[in-house]
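Read the structure below first, then the notes.
The values are calculated or read from the model by the stated rules, or taken from the named source; none is laboratory data. Bear in mind that the values here come from a model prediction, so they are computed numbers and not experimental data. Because the Cβ atoms are built from the backbone with ideal geometry, glycine has one as well, and the counts that use them run over all protein chains shown. Just so you know, the surface numbers come from the protein's heavy atoms only, side chains and all, with ligands and any DNA or RNA stripped out. Shrake-Rupley method; radii C 1.70, N 1.55, O 1.52, S 1.80 Å.
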Amino acid sequence: MLCKLLDLTGPLGFPDMVALGIVRGNERFQIERLILKPNNEIQMTLFEFDDQELIPFDSQLVLGMNAAGDGQHGQDLGETVINAEDASKGETTTRFHPGAITGPFYELTYKVLPG
């Protein structure tokens with residue numbers, strides 16, 4: 001399977017420099033550092049991935065996100081799980097919850113393609 005990353009949005013006032021990585025056990029392997037830009041239309045920060053951003057995986061892909069900016073470097077911004085079954089759903093959105101589940105969150109839009 002291939003996971004095609006489409007875009008990432010975040011709450012205004014939250015870290016906008018982030019590192020996205022694959023989680024394997026207790027380790028995270030960085031795949032990309034991003035800078036989310038304020039977007040007045042959606043009142044959030046936004047990063048749009050290019051068409052070549054594909055991540056190969058078997059049945060399940062766990063992604064983690066950390067703050068990468070000055071003063072917040074390494075702050076855990078949450079994890080999310082992408083499953084092979086998502087291939088039948090087309091474009092899908094998942095959430096990264098920094099801290100409390102009830103607080104603001106980041107949203108990742110992606111598509112799972114057959115590998």
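Computed with a 1.4 Å probe over protein heavy atoms only, the accessible surface of the chain comes to 57 Å² per residue.
Carbon-plus-sulfur accessible fraction, the chain (probe radius 1.4 Å, protein heavy atoms only): 47%.
Ignoring lysines fewer than eight residues from Lys89 along the same chain, the ones with Cα atoms less than 17 angstrom from its Cα are Lys4, Lys111. Dividing the convex hull volume of the alpha carbon atoms of the chain by its residue count gives 110 Å³ per residue. Name all residues of segment 84-105 having a backbone nitrogen under 20 Å from the label point set 7 Å from the Cα of Ser59 along its Cα→Cβ direction, giving them as ranges. It comes to 84-89, nothing else.
Can you pull the Kirkwood radius for segment 32-72, inverse mean 1/r over Cα pairs, to one decimal in Å?
So the Kirkwood estimate lands at 13.0 Å.
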